[in-house]
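A.B. asks: Just dropping this structure here.
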Amino acid sequence: MTSDPKARLADAYRQALAKEAPEHADAPVVFEKPRQPEHGDFACSIALQLAKRLKRNPRQLAESLTAAAVAAYPQFKSDFLGYEIAGPGFINFRLNPALKLAAIRLALQPGWGFVRKAKPDSVQVEFVSANPTGPLHVGHGRQAALGDALASLIEAQGDKVTREFYYNDAGAQIHNLALSVQARARGVKPGEPGWPSDGYAGEYIAEIAKAYAGPEDLDSVRRFAVDYLRKEQDIDLREFGVKFDVYYLESSLYSDGKVDEVVKALTASGKTYEKDGALWLRTTDYGDDKDRVIRKSDGTYTYFVPDVAYHLTKWRRGFTKVINVQGTDHLGTTARVRAGLQALKVGVPQGYPDYVMHSMVRVMRGGEEVKLSKRAGSYVTLRDLLDWVGRDAVRFFLLSRRADADFVFDVDLARAQTEENPVYYVQYAHARVCSVIGQWRGDASRLAQADLGALTHERELALAQRLGEFPDVVAEAARELSPHSVTFYLRSLAAEFHSYYNAERILVDDEALRTARLALCAAVRQTLASGLSLIGVGAPEKM
RNA sequence: GCGCCCGUAGCUCAGCGGAUCAGAGUAUUGGCCUCCGAAGCCAAGGGUCGUGGGUUCGAAUCCCGCCGGGCGCGCCA
């Protein structure tokens, strides 16, 4: 696949290297986009990197390598205006403007930025996975935004993605939930005599108790409370625009015998031993920092066992790639789960599954930090954020930084600055471009055939070139599991469009120029809409 | 104490397979609507990239120490 000139040029350099410096034939040939436009459209520092090892003058090396590369690149003259050796030995290339403009036509094709694969991989993204013991909090919101965007990005790379939600519907936490609701229904409040020791103090417990009209037995209360909270979570997720393909219940791992099966397999692996009345697994043999208990001295299993059983089902369901989106409070599970899967000796790859860990969201309110504590009940919910700033702004904001970066969500600021949120900047660009195209009374199908040669301004070439980066941005975001780079790309694309829009009139009298500019606008609209949809944000035509 | 992550402009954060990498948004200041949407544009000020070493011709980026912060280190889930 050498569809773009950069890849063709890299190939040419690799051929040149094989001849000029066979011992460094595998040196990475990297092109960067210089910040200063006078340094060309992209630049290569390969000569600087190799000069010392080859004991050659970097500028001379750059010259001879490039001469060889150009010789190995038949279309060089049509793809490039030329190159120059700059400074200590940089090689700067200038693209033929026609090539930059070609991105406009590509962007107007269906499927722009998306890859078609003959054999799609089966990928699973597991995220949110909140237990039904309370409303979703902002951390879940971050996971929902991240997981959904990651899934979309991987789909855009041509793979088949399953969005999955895993939850515990029968463990100790659920028991505490039932006890809390039962106590509340009897008129006992948190802290009062008779309140369960690990009870949930949030007000939603009182709401559930109030809504409950069934018999007093714990089992009925439990079923009602779980059902109530599951529905509430679903409503929030729907409003957030997230849909799951599979909801996987932890309890099914027990009822299907998968937990027993895993215990047997682990025991048979010869990696277990008895100590202090418990059964341990030598996870340290697989990179964990300490061995783990699988069966407690009271005969019950630790949660580690269903965790392994669950991930075994992922493997058996044919997911060759699995991404778990979790908060850093689950940091310890990575090594454990991977070690457990290895111990099963059923051919699961070593790094399976992948993890995207995000740091917890800190919430500032009234100048003070609100601690996120599910048990205390005094945490900001996803619903709060949705009510305050809306779905698009929450999504965009939550995807505006790296997953593992600390995140301070200033509630007061988010409320006060609703209209200054960066999401409006990008959405406005989309609405604006829609508005211009809407005012033109021409035939939209003509735009794809527009003579783009009329576009000669620096801003137009830069905008076209920016459009051309979109597929790379999407591919890299998918590969690096970093949706935030799409967000940053959209911001810069919007900025470039706003700037262009202010500098040049689109609907000029000259028909050829007008049509060419409209084609550029249509390409911008398409790219903004595609990018926004990847991060789950709407692209309104009017605001 | 050990492990992982993070310290970049007043604030919130990008950049971190080294060079052409000192950036964006926001806040502050000054300009731009008789003309396609001013939720916009143009411009200015603002940082020895936590700190001290090391590697390198070249370090925000790689390595080590230190300081500061987050998370994890259960026969809890």
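Bear in mind that the values in this text are calculations on the coordinates, not laboratory data. Since the model is a prediction, treat every value here as computed from it, not as a measurement. Here the Cβ positions follow ideal geometry from the backbone for every residue, glycine too, while neighbour counts run over all protein chains shown.
A.B. asks: Taking the alpha-carbon distance from A:Lys321 and a cut-off under 19 Å, which aspartates and glutamates remain once sequence neighbours fewer than 8 residues away in the same chain are dropped?
C.D. replies: By straight Cα distance, A:Lys321 reaches A:Asp121, A:Glu126, A:Asp148, A:Glu155, A:Asp159, A:Glu164, A:Asp245, A:Asp307, A:Asp354, A:Glu476, A:Glu480.
A.B. asks: Against the longest alpha carbon principal axis of chain A, how many degrees, from 0 to 90 and to the nearest 10, is the axis of helix A:511-534 turned?
C.D. replies: Compared with the principal axis, the helix lies near 20 degrees.
A.B. asks: Sticking with this structure for a sec: Could you state the number of Å between the C-alpha centres of the stretch A:258-275 and the stretch A:141-164?
C.D. replies: Cα centroid of the stretch A:141-164 versus Cα centroid of the stretch A:258-275: 34 Å apart.
A.B. asks: Would you mind checking A:Lys314/A:Lys345; A:Lys6/A:Lys52; A:Lys117/A:Lys542 for any pair whose Cα atoms are more than 27 angstrom apart?
C.D. replies: A:Lys117/A:Lys542
A.B. asks: What order, most packed first, do the peptides A:223-231, A:514-522, A:401-409, A:294-302 have when packing is the mean number of other Cβ atoms within 10 Å of each residue?
C.D. replies: Numbers: A:223-231: 18.0, A:514-522: 23.7, A:401-409: 15.4, A:294-302: 13.9.
Answer by packing, highest mean first, reads A:514-522, A:223-231, A:401-409, A:294-302.
A.B. asks: Over all Cα pairs of the stretch A:92-197, how is the pair count split among 5 Å bins, expressed in % and running from 0 up to the last occupied bin?
C.D. replies: 2, 10, 12, 11, 11, 10, 9, 8, 6, 5, 4, 4, 3, 2, 2, 1
A.B. asks: When the helix-only estimate is applied to chain A (DSSP H runs of n ≥ 4, each -39,500 (n - 2.57), divided by the residue count), what is the mean residue ellipticity at 222 nm, nearest 500 deg cm²/dmol?
C.D. replies: Values: 20 runs with 267 residues, N = 543.
-15500 deg cm²/dmol, from helical runs alone.
A.B. asks: At 0.36 nm per residue, minus the direct Cα-Cα distance, what do A:Asp472 and A:Ala170 gain on full extension? Give it in nm, one decimal, please. Walk me through the intermediate numbers first.
C.D. replies: Numbers: separation 302, 0.36 × 302 = 108.72 nm, distance 4.46 nm.
Here the segment from A:Asp472 to A:Ala170 would lengthen by 104.3 nm.
A.B. asks: Here is a follow-up. When you count, for each residue, the other Cβ atoms within 10 Å and take the mean per peptide, how do A:241-247, A:437-443, A:306-312 rank with the highest first?
C.D. replies: Order by mean packing, descending: A:306-312, A:241-247, A:437-443.
A.B. asks: Which of the lysines could a cross-linker bridge to A:Lys189, judged by Cα under 22 Å and excluding same-chain residues fewer than eight apart?
C.D. replies: A:Lys210, A:Lys371, A:Lys374
A.B. asks: Turning to a different aspect of this structure: Between A:His457 and A:Arg316, take the C-beta separation as r, use R0 = 56 Å, and let me know the FRET efficiency to the nearest 0.05.
C.D. replies: So the FRET efficiency works out to roughly 0.45.
A.B. asks: Using only the Cα atoms of chain A, what are the Rg and Dmax in Å?
C.D. replies: 28.5, 88
A.B. asks: Let me ask another. Please work out the C-alpha center-to-center distance from the stretch A:102-121 to the stretch A:452-495 and express it in whole Å.
C.D. replies: 14 Å
A.B. asks: Could you tell me the relative contact order of the stretch A:251-397? Use alpha-carbon pairs under 8 Å, at least six residues apart, and round to a whole percent.
C.D. replies: Here the relative contact order equals 18 percent.
A.B. asks: What shape does the stretch A:64-116 take by its C-alpha gyration tensor, where a ≥ b ≥ c are the square roots of the eigenvalues and a/c under 1.5 counts as rounded, a/b above b/c as prolate, and the rest as oblate? Provide the component values of the computation, followed by the final result.
C.D. replies: Working: a/c = 2.54, a/b = 2.30, b/c = 1.10.
Because a/c hits 1.5 or more and a/b exceeds b/c, the stretch A:64-116 counts as prolate.
A.B. asks: Another question, if that's okay. Which percentage, to the nearest 5, of the DSSP beta bridges contained in chain A is antiparallel?
C.D. replies: 50 percent
A.B. asks: In degrees between 0 and 90, to the nearest 10, how far off the longest principal axis of chain A does helix A:138-156 point, with axes built from Cα atoms?
C.D. replies: 50 degrees
A.B. asks: Pairs of Cα atoms under 8 Å, at least six residues apart: use those to get the relative contact order of chain A, whole percent.
C.D. replies: Taking the mean separation of contacting Cα pairs over the length of chain A, I get 16 percent.
A.B. asks: Identify all aspartates and glutamates with a Cα-Cα distance to A:Lys271 below 14 Å; exclude those on the same chain that are fewer than 8 residues away in sequence.
C.D. replies: A:Asp285, A:Asp288, A:Asp291
A.B. asks: How far is helix A:5-20 tilted, in degrees, relative to the longest principal axis of the Cα atoms in chain A, given as a value from 0 to 90 rounded to the nearest 10?
C.D. replies: For A:5-20 against chain A, the angle is about 80 degrees.
A.B. asks: Let me spell out the model: positive unit charges on the Cβ of Lys and Arg, negative unit charges on the Cβ of Asp and Glu, origin at the Cα centre of the stretch A:124-215. What dipole size does that give, in debye rounded to 20?
C.D. replies: The dipole of the stretch A:124-215 has a size of about 340 debye.
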